[in-house]
Every structure is written in structure tokens, then in C-alpha cells.
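Please read the structure below before turning to the comments.
The values are calculated or read from the model by the stated rules, or taken from the named source; none is laboratory data. Nothing here was measured: the structure is a model prediction, and the numbers come from that model. Surface accessibility is based on the protein's heavy atoms, side chains included, excluding ligands, DNA and RNA. Shrake-Rupley method; radii C 1.70, N 1.55, O 1.52, S 1.80 Å.
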Amino acid sequence: MGGFAENLKVLRSQKGWRQEDLANKLGISKQVVSNYENGSESPSFDGLINIAQAFAYSTDYLLGVSNY
């Protein structure tokens with residue numbers, strides 16, 4: 001179980017989504033997704049919820065404090 005950036009990369013890869021695919025689903029730019037994945041930027045609370053919903057995982061999992 002990693003941190004947010006690592007978990008986001010893993011989930012996106014498991015879905016077979018490119019950064020652009022996730023960005024389109026979330027209504028953000030590909031650069032923002034890249035920044036999330038390299039740890040230079042973090043999503044807002046609402047953004048975190050939207051990401052969790054896109055993957056059907058808990059926010060706790062995304063943040064690395066839970067295994068699901």
C-alpha cells in the first residue's frame with residue numbers, strides 16, 4: 001500500500017487508462033493528472049472524492065491508509 005501518487009498510478013494502469021483518459025473523466029487537464037502522479041500537486045477534497053468514485057475505491061485507499 002503506497003501513498004496517493006503511487007496508488008493513483010497503479011489504479012489508472014489497472015484500468016488501462018492513459019493520463020488523458022482519466023483527465024477527461026474528471027474534467028481536468030492531463031497535466032494535473034501528471035502532477036498528482038508525480039506528487040507535485042494534490043487534489044482538493046472534492047477532487048479526491050471524484051477520483052475515488054471514478055475507480056470505485058475509498059478515499060482512504062487512495063490516501064494509503066486502507067487496503068480497499
- Tell me, what is the per residue accessible area of the chain in Å², probe radius 1.4 Å? 60 Å²
- Item | Proximal aspartates and glutamates relative to K30, as straight alpha-carbon distance under 17 Å, when same-chain residues fewer than 8 apart are discounted | E6, E20, D21, E41
- Along principal axes, Cα extents of the chain, largest first, whole Å: 27, 23, 20
